[in-house]
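Structure in structure tokens, see below.
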Amino acid sequence: MTTPLPDPASPTRRGPSLATRFAIAFLMGVLLVGTLGVGALYAYGQQYTGRVLPGVKVGQVDLSGLTASQAHDALGAAYAAFGAGTITLSGPNGDLTIGYGEVGRAPDLAAMVDTAMTTGRAGEAVADLIGAPQTALHGVTLTPSLTYDPVKLAAAVEAAAKTIDRPEVEATLVADKGEFFISESVEGRVVDQAALVRTLGQALAKLDAPTELRADIPFTNQPPVVTTAAVQAAKDTAERMTRDLVLTRGSKSWTITSAQLRALITFATATDGSIVPVVDEAGIAPLVKPIATALDRAATNATFRISGSRVVVGKSSREGLRVSKARTQQAILDALMARQAGEADAPLSPVVAPREPAVSTAAAKKIAPRMREISHWTTHFPIWSHNAFGANIWIPASVINGFVVGPGETFDFWKVVGEVNRAKGYGLGGAIVDGHTQAQGAIGGGICSCSTTLFNAALRGGFKMGARRNHYYYIDRYPLGLDATVFISAGGAKQTMTWTNDTKYPVLIRGINTRSGNRGFVTFRLYSVPTGRTISISAPTVKNIRRASDSTIHSAMLRTGYSGRLEYPTDGKDVWRTVTVRQGGKVIRRTTYFSHYSAVTGILVIGTGGPSAPTKLP
């Protein structure tokens, strides 16, 4: 392939003009100079690679040409004071000190070194070629920076708050065995930790923070609901309420002591939160009992006696007194409440009501001429050691003799007879102990002959019968199924005999004691205004008979050839008897009495003793 020649006919080309060549030459010169400058700048920048550019300061610390590590050490030495201070917190318990180091306050070396290393360097080649010389020429001073640890600061504030924070404590007032004890209240405190952290954080962040930073600890008080003043006021009120309390009636007076009243007091919280003394109302009742014992006096009925064949008035009646325990207790409580309210003491008296006798003298005078014997019953008994030779039967009959049972009143054997003891003339007598007769078993033994006799007299008078119990085994001197034993055991068990006068007239009981040879008799005659009542008593219904056996024992208790009885054989049986009371032909009461009698094995003792042995059983 050949390259074509130029056309001879084409015009000849000329070279560039002089101006053009000058411009090109000028530009070429500038480019040459620039290339040489860039090279110089590049060489300048390269020698500070990994170092702080000249002219860079942090505060007064010149870091020119230092490596990052060298800059770190220089700044650490220069600004070590940033972590050398203390925080002093003033609180209610005094001052607390926290070191700057404890909250992590220190120069922020990493941030300052990083800023110094990047100063004059934009991260672009051309800009960095220009920036580096400018930084060296003009210089750059950076502001120092510091740091602290907010988590450590919050922890330090929390620890300080724990020495100040406390829960409020309510005052208490306790009554214990009549003494009043106060525990004082304590005001609570709560530190505002968030506000304190915020205040300290702002101060710690300042470069010019003093080496000793002082701050007051902000806290709020938490007052208790129940204060010491409140319980003291309640205690003072209780002291006022429980001063000696005096009740008077006429010339008599009774003092309820402060110690007795203090034992009634406890304390409670009212609905408004106040503390108030509370009185144990039930505890007032025992305080009234001694007053009632001193003032209570039973009314005494007019008595009757037999004059010839007529009933006449004996002793006059007497009005009694009764302390109204409930009303007196209320009066005492009212007095305590008045004291609680701050009122002065007013005169205080037990509340007493009169007790009218069931049979007044006036009534007795009207009734006596109309009274007749309406019933009677007699029981015989051997006069021997088993009944203290009759004393244990005749003494209670004599006590009962002349007793008047008013309309609606109840006769209670033990209440009328009273205590049985040797001082009154009673002696040892027979008693049924564990199912066997003991000839000298109890003081007053044999007294059941008296109770059984009066029971039968009242039964035949048509009265309303009450407590009654048959003997352990049947005693043939008594009406079958209608005996009435009475006893008071050493263990406190008690059996009495009672009946109620359910008529509108008084009943005079006349007790009569007689004897014939070795036989004694006790008789009760009842006198009242006849009411037309008639009494019928059914024949005994006897079932479940249990035949008694006899036994013999040989004993040196008796001389040979002599014998004696420790127990007589007695059949056991169940007995029913019905008593019907009529008035005007109409049945007003029908009662069936059941008696369960146990069988008792007889015991015959045959003597085997020598000449010195007794001839009779002791």
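Quick one: order 225, 575 from most to least accessible surface, probe 1.4 Å. Present the calculation step by step, with values, prior to reporting the outcome.
On the way: 225 110, 575 0 Å².
Largest accessible area first, the residues go 225, 575.
Still on this structure: Taking amide H positions as placed 1.01 Å from N in the peptide plane, with prolines and chain starts having none, which residues 5 or more places from residue 188, or on another chain, fall under 5 Å of its amide H?
When sequence neighbours closer than 5 places are left aside, the close amide H contacts are 168, 169, 222.
What residues have an amide H closer than 5 Å to that of residue 145, excluding those fewer than 5 places away on the same chain, when H is modeled at 1.01 Å from N in the peptide plane?
The answer is 108.
Here's a follow-up. Using the Cα centre of segment 146-217 as the reference point, and only Cβ charges (+1 on K/R, -1 on D/E), how large is the resulting charge dipole? Debye, rounded to the nearest 20.
380
Can you list the HN-Hα couplings for segment 160-165, worked out from phi with the Karplus curve (6.51, -1.76, 1.60; θ = phi - 60°), rounded to whole Hz and with x for Gly and Pro?
Result, ordered by residue: 5, 5, 5, 7, 10, 4 Hz.
Quick one: how many Å² of residue 72 are accessible to a 1.4 Å probe, rounded to 10?
80
Which FRET efficiency, nearest 0.05, do residue 373 and residue 568 yield, Cβ-Cβ r, R0 25 Å?
The computed FRET efficiency comes out at 0.10.
Can you give the accessible area of residue 404, probe radius 1.4 Å, in Å² rounded to 10?
10
From the residues 530, 545, 610, which one has its Cα farthest along the dipole of segment 467-618 in the positive direction, the dipole being from +1 and -1 charges on Cβ of Lys/Arg and Asp/Glu about the Cα centre?
Sorting the options by dipole projection puts first 530.
Follow-up. At a Förster radius of 35 Å, what calculated FRET efficiency corresponds to the Cβ-Cβ distance of residue 504 and residue 424, to the nearest 0.05? Mind dumping the intermediate values first?
On the way: r = 35 Å, r/R0 = 0.99.
Here the calculated transfer efficiency is 0.50.
Please label the shape of segment 507-618 as rounded, prolate or oblate, based on the square roots a ≥ b ≥ c of the eigenvalues of the alpha-carbon gyration tensor (a/c under 1.5 means rounded; beyond that, a/b larger than b/c means prolate, else oblate).
Details: a/c = 6.19, a/b = 1.99, b/c = 3.11.
Oblate, since a/c reaches 1.5 and b/c is not below a/b.
In addition: Determine the gain in length on full extension of the stretch residue 344-residue 519; use 0.36 nm per residue of separation and subtract their C-alpha separation, reporting nm with one decimal.
The residue 344-residue 519 span can extend by a further 55.7 nm.
In nm, to one decimal, how far is the modelled label at residue 47 from the one at residue 248, with both set 7 Å along Cα→Cβ?
Calculated label separation equals 12.4 nm.
Using only the Cα atoms of segment 279-424, build the gyration tensor, take square roots of its eigenvalues as a ≥ b ≥ c, and label the shape rounded, prolate or oblate: rounded if a/c is under 1.5, else prolate if a/b is larger than b/c, else oblate. It would help to have the intermediate numbers written out before the result.
Working: a/c = 4.19, a/b = 1.93, b/c = 2.17.
Oblate, because a/c is 1.5 or more while a/b does not exceed b/c.
Across segment 521-529, in residue order, what do the Karplus-derived ³J(HN,Hα) couplings come to in whole Hz, using 6.51 cos²θ - 1.76 cosθ + 1.60 with θ = phi - 60° and x for Gly and Pro?
Result, ordered by residue: 9, 10, 10, 10, 10, 10, 10, 6, 7 Hz.
Now for a different question. Report ³J(HN,Hα) in whole Hz for each residue of segment 260-275, in order, from the Karplus equation J = 6.51 cos²θ - 1.76 cosθ + 1.60 where θ = phi - 60°; Gly and Pro get x.
3J(HN,Hα) across segment 260-275, in whole Hz: 5, 6, 4, 5, 8, 9, 10, 10, 9, 9, 6, 4, 8, x, 6, 9.
Put 334, 108 in order of accessible area, largest first, 1.4 Å probe: what do you get?
334, 108
Write down the accessible area per residue of the chain in Å², having rolled a 1.4 Å probe over the full set of protein chains.
Dividing the accessible area of the chain by its residue count gives 54 Å².
Given the -39500 (n - 2.57) contribution per DSSP H run of 4+ residues, what per-residue ellipticity at 222 nm results for the chain, rounded to the nearest 500 deg cm²/dmol? All intermediate terms of the calculation are to be shown ahead of the outcome.
Details: 14 runs with 170 residues, N = 618.
Value at 222 nm, helices only: -8500 deg cm²/dmol.
If you place +1 on the Cβ of every Lys and Arg and -1 on the Cβ of every Asp and Glu, how big does the dipole about the Cα centre of the chain come out, in debye to the nearest 20?
6980
So I have (1) 203, 74, 70; (2) 83, 58, 50; (3) 83, 66, 52, and one of them is Cα extents along the principal axes in Å calculated from this model. Which one is it?
(1)
Using a 1.4 Å probe on the protein chains only, how many percent of the accessible area of segment 373-496 belongs to carbon and sulfur?
C and S fraction of accessible area: 54 percent.
Under 5 Å between amide H atoms, partner at least 5 residues away or on a different chain: which partners does residue 213 have, H built in plane at 1.01 Å?
Counting only residues 5 or more places away or on other chains, the set is 86, 87, 88.
If you place +1 on the Cβ of every Lys and Arg, -1 on the Cβ of every Asp and Glu, and leave all else neutral, what size is the dipole of segment 218-276 about its Cα centre, to the nearest 20 Debye?
340
Something else now. Just the number, please: Stokes-Einstein D of segment 432-536 in µm²/s, Kirkwood Rh from C-alpha pairs, 25 °C, 0.890 mPa s.
Reported coefficient: 159 µm²/s.
Round to the nearest 10 and report in Å² the accessible area of residue 562, as given by a 1.4 Å probe over the protein chains' heavy atoms.
100
Moving on to the next point. Length gain on complete extension for the stretch residue 307 to residue 114, per 0.36 nm per residue less the alpha carbon to alpha carbon distance?
55.5 nm
What's the angle, to the nearest 10 degrees (0 to 90), between helix 448-460's Cα axis and the longest principal axis of the chain?
That works out to roughly 80 degrees.
Then there is this: Which of the listed residues, 474, 181, 380, is farthest toward the dipole's positive end in the chain, when Lys, Arg count +1 and Asp, Glu count -1 at the beta-carbon?
Going by the Cα projections, it comes out as 380.
Tell me the relative contact order for segment 455-567 as a rounded percent, counting alpha carbon contacts under 8 Å between residues six or more apart.
23
Cα-Cα over 24 Å: which of 365/424; 415/586; 424/494?
365/424; 415/586, as the Cα separations exceed 24 Å there.
Tell me, what is the FRET efficiency for residue 183 and residue 255 to the nearest 0.05, using R0 = 35 angstrom and their Cβ-Cβ distance as r?
Details: r = 32 Å, r/R0 = 0.93.
E between residue 183 and residue 255, to the nearest 0.05, is 0.60.
Which of the peptides 350-361, 547-558 is most tightly packed, and how do the rest follow, judged by the mean count of other Cβ atoms within 10 Å per residue?
Averaged packing, sorted descending, gives the order 350-361, 547-558.
The values are calculated or read from the model by the stated rules, or taken from the named source; none is laboratory data. Small disclaimer: the values here were computed from a predicted structure and weren't measured. We place every Cβ from the backbone using ideal geometry, glycine too, and count neighbours over all the protein chains shown. Remember, those area values only see protein heavy atoms, side chains included, never the ligands or the DNA or RNA. Shrake-Rupley method; radii C 1.70, N 1.55, O 1.52, S 1.80 Å.
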